[in-house]
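Right, one structure below, let's go through it.
The values are calculated or read from the model by the stated rules, or taken from the named source; none is laboratory data. Only a predicted model underlies this, so the values are computations on that prediction, with no experimental measurement involved. Counting neighbours? That spans all protein chains shown, and the Cβs are built from the backbone with ideal geometry, glycine included.
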Amino acid sequence: MATVKTKKTTKSKKASQIPVRYRVIGTRPIRHDGVDKVTGRAQYGADVQLAGLLHGGILRSPHAHARIRSIDTGKAAALPGVKAVITSADIGPVTDRVVDLGEGATRLQHLRDNILASGKALYQGHAVAAVAATSPHIAQEALRLIEVDYEVLPPVLDLREAMEAGAPLLHEDLHTDDLGTKSMQPSNIAKHLRFEKGDLEKGFKKADQIFEREFLTSMVHQGYIEPHNATAFWNADGRLAIWCSTQGGFTVRQQAAAILDLPVSSIKVIPMEIGGGFGGKIHVYLEPVAALLSKKSGKPVKLVMDRAEVFEATGPTSGSHIQVKIGARKDGRIVAAQAQLAYEAGAFPGSLVVCGMMCIFAPYDLEHQRIDGYDVLVTKPKTAPYRAPGATNAAFASETVLDEIAEWAGIDPLEIRRLNGAKEGTRRADGLVYPRIGFLETLGAARKHPHASAPLEGPNRGRGVASGFWFNVGLKSSVTAAVNSDGTVSLTEGTPDIGGTRTSVAMQLAEVLGLAAADVKPQVVDTDSVGYNDVTGGSRVTFATGLAAIEAARDIERQMAERAARLWGVPASKVKAAGGVYRHATDSKKKITFKELAARLDETGGPVVGKASLDTSASAGGGFGTHIVDVEVDPETGKVQILRYTAVQDVGKAIHPSYVEGQLQGGVAQGAGWALNEEYFYDDQGRLANASFLDYRMPTALDLPMIDTVLVEVPNPGHPFGVRGVGEVPIVPPPAALANAIYRAAGVRLRQLPMNPGRVLEAILTRDGKPPSKA
Amino acid sequence: MKNFAYINAASEKAAIESMSDKALALAGGTNLLNLLKEYVLAPEALVNIKGIAGLNAIESFEGGLKIGANVTLSELLDHAEVRGRYPALHQALYDIGTPQIRNMSTLGGNLCARPHCWYYRYEYFDCKKRGGQGCAAIAGDNEFHAIFATDGPCVMIHPSSAGPALVVYGAKVKIAGPGGSRDAGIEEFFTLPAAAVARENVLKPNELVTHVLLPPPNGKSATYEVRHKESHDWPLAMASVALTMAGETAQEARICLGAVAPVPWRAAAAEAALKGKVVNETTAGEAAQKAAEGAKPLSGNKYKVQLVRTAVKRAILAAATGRRV
Ligand SMILES: Cc1cc2nc3c(=O)[nH]c(=O)nc-3n(C[C@H](O)[C@H](O)[C@H](O)COP(=O)(O)OP(=O)(O)OC[C@H]3O[C@@H](n4cnc5c(N)ncnc54)[C@H](O)[C@@H]3O)c2cc1C
């Protein structure tokens, strides 16, 4: 279904010139779930308690790569209190096929093998067996009684080594999909993709200088505060209920159905409150295991990961190796750009290298481009999306090279971006032609911001700039909205609320109906209680579920107008609704408010329920951000201190500005952690050494200054209020912006993340030449 | 975590009688519980020592302080004399963990805490301390490991941030065991892996640290810690310095490094270099160069040699000027 992309398109386009007056949009009401969250009453997955609940645990492979010769569960099963022990054999046979569960095509066998390893364990932490017992403690003890006979195989940890012929193979039956043709030999390269535009060689010939650079980034984790959890009950009637922490109840339902070979309708998923996801709570890990344990024991079973399990066995995001070659003219014009991106997929295919490919040069209007991408298997956990997946690594490469070009050409970093900047009509290398976008506006706002011209005093200080792009995926959302007799509306959604979307969606419904935000009672419900919804991801919920809420509101408004017409005994066409008041088109005495009308529904035909189910993909609006950062580098310790940070972003229209600002600040905080602190330390056997927050250094509020945000509003023509995706863009620029700032402060260009004290210090100690002049 | 018996010791004697290599003392638990959860330690019993009378006071003693082992790091930080007379200790404690961790952690626990080495803390790595054959850190990710005394058999860094400060003040550790009580000099208390790889100090399994004795300070002191994050984090390198000053000249200098060796690492060459010198940027820098002499960094932690120099120089200047640098 194509959405609201009708007449409204042109209308909201005009809105960019004439400011529209809203009553609710753009205000900052208190969030609907606020009290429950701050008083600790909100129910998370680990809070689930059911009569007869058993507690599960998962045995994980201590080896990064090993053939499982046999598993003996006898002793564990015999331990008093143990009610079920399972291995991959309990999943039952199923013919392998390709399934698309909204996350791209995947082999069913791979999905299943990631839940419980069958032939081989492919990363340290890979689930091998599971236990349910009467207490978590007994479950832990039982796990230690399971005997697994492993044939240890050599791990493959470096993605460049993994790509070489002769590297140990993770999947002996996997052949490279090389630009559409299958490779003859099996390989760890799952896929080779290419985007091409113009004539690269021709472009490079026009260059006055060619910059060729190489970048490495480490595998990093989203670091959400709440570990994964799942409680399942497989009822005697064959119906399965799953309570869990997820970005999408329906995707859990689909994945669990495919893995367990059940019809989707026999599974009900109850998404609990979620303590962060950032892309990491889309794949299922525990849900099917809890289900199988419940099936075997006849009791509900709860599984909760500890932090080490989260690090070792969920989906961090890809480490990467990126090569960039850019040709520029003396006037700062880029004439050709080439990139090769190799991303770690982890143990099973499916890194988001393709997103990195789409984003790497996305902010620029470049005639000649070629971008190659490789999805590479390594013996590490299967990677998952992480906020703008793939784009942060990519921008770290392209945006630091651009900074070098700016310096070489003697052009201001903001100016070189403007000079080459993408606008409406620019075609990306992957073929997409931009509708109205606001990249240049972010550069203009950044230039005007006092930060851009503030003097940078003191030694060892530098200022960096970088930009970035991310999509807004659109996808499918359904809502229903029931009018209550007291004039409020109960809004039922199916997209878990991570960033305050109950409120941002409710506000859009309220705006249309002329209600206050508090008059709308939003809730996120289980998969039996609302139409299909895609995941909370891709910066889509305020946009897409918002569109559904707008449609549902219009549905209500139409029905309410009919009721008013019935009250007055006039045809419905005579009733006009605006701002929550229903008026007779010609008789000015006949008017009734939404609230008055709501009280009289029973006498006019009974309840009113609005609904909408939309696929919003065609009208989604991506966004651009431009960040400015000042740092001080301690030349004697290599420590980087962020002094000031400003994030400018085109957000389309900020429905609830506080939440949008919060998204920008959160994205910057995570981007800064990725840039300066975070990395996975694997030993040469592929075992993770820092699977805890003691050693995985995420920044906290104390590590960052106040992050200033500037919301630029260039409306998305595909949304009546102009909403764009905002949640992911802000994580894209920080590593590049920080690298550029470090260069200006200390004269060293870092091309490897993280830029931790050891790395910065070694670069400083081996640097030749003097620090450059300040930006 | 393996099941264990819980013994609430009411007295030093009761604790000592219960303690063995299978029954470990439990103080704040901030270190011990993590190790139990990871099955690094799986004792049969825990002996809670927090209820022992007399181990939770800070008293005046021979012009200095007598600090009970169960005194928490927060209590030490709040103590006027610690803040006023022992700035090197105060500054060292100030940077440990978070307020919650400092509220729970005891001084005894801090001195006896087990290594923070990640190869020790996860049971699937080879670790001589846990009875293994080799040391995973030597070929592994060792950016946070020792740069001194790296000849083996273990390249851990001692986890106590309080240790170096206590060394420069010449503290003593009061130890109670089956045979009675004895005092050990703080430097004798910590032992190198070469002496006994499984342990980090002289304590026998049935011995308890009961007090730390701090002599009166005679001069100026400071600690400087280099760490990665601003918020709670472990030091990458640190230095505690105590100077006996005559005007601007350092008559005596005691300098001890932290987070760079399996024990708090006394920098004797740096002390000698500073002795008798007017303390300024140049002399502090020269002493700092000396402090790094003899370092044998591992494959991944050469950067720590420079961090030692930085920490020593800044600690010397901070001690001399009374200002943080
Ligand atoms: C996030 C975090 C950051 C940290 N950062 C730092 C840091 O920067 N610097 C630093 O120094 N520490 C740091 N720590 C460690 C912390 O200081 C120690 O965990 C704490 O000092 C241990 O004290 P406790 O009382 O909790 O000891 P426990 O955990 O109870 O015991 C630790 C060990 O000492 C033994 N023990 C305890 N008391 C005695 C006694 N009186 N006699 C004999 N044996 C005893 C126990 O048997 C056990 O083996 C950090 C910890 C965390 C969690």
Next item on the list: Would you mind finding the one in B:V197, B:V263 that is surrounded by 24 or more Cβ atoms within 10 Å (Cβ to Cβ), away from the ligand (no atom under 12 Å from the Cβ), away from chain A (no Cβ under 14 Å) and in a loop (DSSP other than H, G, I, E, B)?
Entry: B:V263
Next item on the list: Specify the residue that is farthest from the other protein chains (Cβ to nearest Cβ); the eligible residues are those in region B:229-244 that are surrounded by fewer than 24 Cβ atoms within 10 Å (Cβ to Cβ) and of a type outside the set (D, E, K, R).
Entry: B:T244
Next item on the list: Out of B:A69, B:A80, B:A53, report the one residue that is on the phi < 0 side of the Ramachandran plot and within 17 Å of the chain's Cα centre (by Cα).
Entry: B:A69
Note to self: Restricting to region B:268-310, name every residue that is touching an Asp or Glu at 6+ places or on another chain (Cβ under 7 Å) and either closer than 19 Å to B:A92 by Cβ or β-branched (V, I, T) (or both).
What the structure shows: B:V278, B:V279, B:T310
Check: Out of A:R418, A:R502, A:R436, A:R461, which single residue is among the basic types (K, R), closer than 30 Å to A:D372 by Cα and touching a residue at least 40 places away in the same chain (Cβ under 8 Å)?
Finding: A:R436
Checklist line | Positions within region B:270-308 being within 13 Å of chain A (Cβ to nearest Cβ) and either surrounded by fewer than 23 Cβ atoms within 10 Å (Cβ to Cβ) or aromatic (F, W, Y) (or both), in sequence order | finding: B:E281, B:G285, B:Q289, B:P297, B:L298, B:S299, B:G300, B:K302, B:Y303, B:V305
Check: Filter region A:765-775 for residues that are touching a helix residue (DSSP H, G or I) at 6+ places or on another chain (Cβ under 7 Å) and more than 9 Å from chain B (Cβ to nearest Cβ); which is modelled with the lowest pLDDT?
Finding: A:A775
Note to self: Considering only residues that are assigned to a helix (DSSP H, G or I) and of a type in the set (S, T, N, Q), which ones fall in region B:273-324?
What the structure shows: B:T282, B:T283, B:Q289, B:Q306, B:T310, B:T321
Notebook entry, point to check: Restricting attention to region B:200-228, which residues are within 30 Å of A:Q641 (Cβ to Cβ) and away from chain A (no Cβ under 14 Å)?
Noted result: B:K220, B:S221, B:A222, B:T223
Next item on the list: Just one of (1) away from every other protein chain (no Cβ under 11 Å); (2) within 16 Å of the ligand (Cβ to nearest atom); (3) buried (at least 24 other Cβ atoms within 10 Å of the Cβ) trips up B:C117, so point out which.
Entry: (1)
Margin query: Just the residues that are out of contact with any helix residue (DSSP H, G or I) (no Cβ under 7 Å at 6 or more places or on another chain), within 14 Å of chain A (Cβ to nearest Cβ) and among the charged types (D, E, K, R), please, taken from region B:140-160.
Written below: B:D141
Notebook entry, point to check: What pairs can you find where one residue is in region A:130-146 and closer than 16 Å to A:D72 by Cβ, the other is in a helix (DSSP H, G or I) and of a type in the set (D, E, K, R), and their Cβ atoms are less than 8 Å apart, with a gap of 6+ or different chains?
Noted result: A:L145/A:K75; A:I146/A:K75
Margin query: Here's a check for you: in region A:113-141, which residue that is over 13 Å from A:V85 (Cα atoms), of a type outside the set (D, E, K, R) and part of a helix (DSSP H, G or I) is nearest to the other protein chains (Cβ to nearest Cβ)?
Written below: A:H137
Note to self: All but one of (1) assigned to a strand (DSSP E or B); (2) more than 9 Å from chain B (Cβ to nearest Cβ) hold for A:G667; state the number of the condition that does not hold.
What the structure shows: (1)
Check: Can you name the residue in region B:29-47 that is of a type in the set (A, V, I, L, M, F, W, C) and either assigned to a helix (DSSP H, G or I) or away from chain A (no Cβ under 14 Å) (or both) and is also surrounded by the most Cβ atoms within 10 Å (Cβ to Cβ) among such residues?
Finding: B:V47
Note to self: Out of B:G163, B:G247, B:G179, I need the residue that is out of contact with any Lys or Arg (no Cβ under 8 Å at 6 or more places or on another chain), at positive phi and away from chain A (no Cβ under 14 Å). Which one?
What the structure shows: B:G247
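To keep it simple, each residue is scored yes or no on (1) within 14 Å of chain A (Cβ to nearest Cβ); (2) near the ligand (Cβ under 9 Å from one of its atoms); (3) surrounded by 16 or more Cβ atoms within 10 Å (Cβ to Cβ); (4) within 21 Å of B:W234 (Cα to Cα).
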residue	(1), (2), (3), (4)
B:E59	no, no, no, no
B:A69	no, yes, yes, no
B:T72	no, yes, yes, yes
B:D78	no, no, no, no
B:T106	no, yes, yes, yes
Check: Any idea which of A:P705, A:P717, A:P735 is outside any loop (DSSP other than H, G, I, E, B) and not hydrophobic (A, V, I, L, M, F, W, C)?
Finding: A:P735
Check: Can you tell me which residue in region B:122-139 is nearest to A:N690 (Cα to Cα), limited to those that are buried (at least 23 other Cβ atoms within 10 Å of the Cβ) and more than 8 Å from chain A (Cβ to nearest Cβ)?
Finding: B:A137
Next item on the list: Report yes if some residue within region A:595-611 is acidic (D, E), in contact (Cβ under 8 Å) with a residue 60 or more places away in the chain and crowded, with 24+ Cβ neighbours inside 10 Å; otherwise report no.
Entry: no
Item checked: Among residues of region B:147-162, those that are farther than 17 Å from B:Q91 by Cα and within 11 Å of the ligand (Cβ to nearest atom), counted -> 2
Item checked: Checklist (1) part of a helix (DSSP H, G or I); (2) within 11 Å of the ligand (Cβ to nearest atom); (3) more than 29 Å from B:A311 (Cα to Cα) applied to B:K50, failing item -> (1)
Note to self: Is it the case, given these coordinates, that B:L41 is away from the ligand (no atom under 11 Å from the Cβ) and in contact with a Leu (Cβ under 6 Å, 6 or more places away or on another chain)?
What the structure shows: no
Notebook entry, point to check: Counting only residues that are farther than 19 Å from B:G219 by Cβ and either aliphatic (A, V, I, L, M) or in contact with a Gly (Cβ under 9 Å, 6 or more places away or on another chain) (or both), which one in region B:163-184 is farthest from the ligand (Cβ to nearest atom)?
Noted result: B:A184
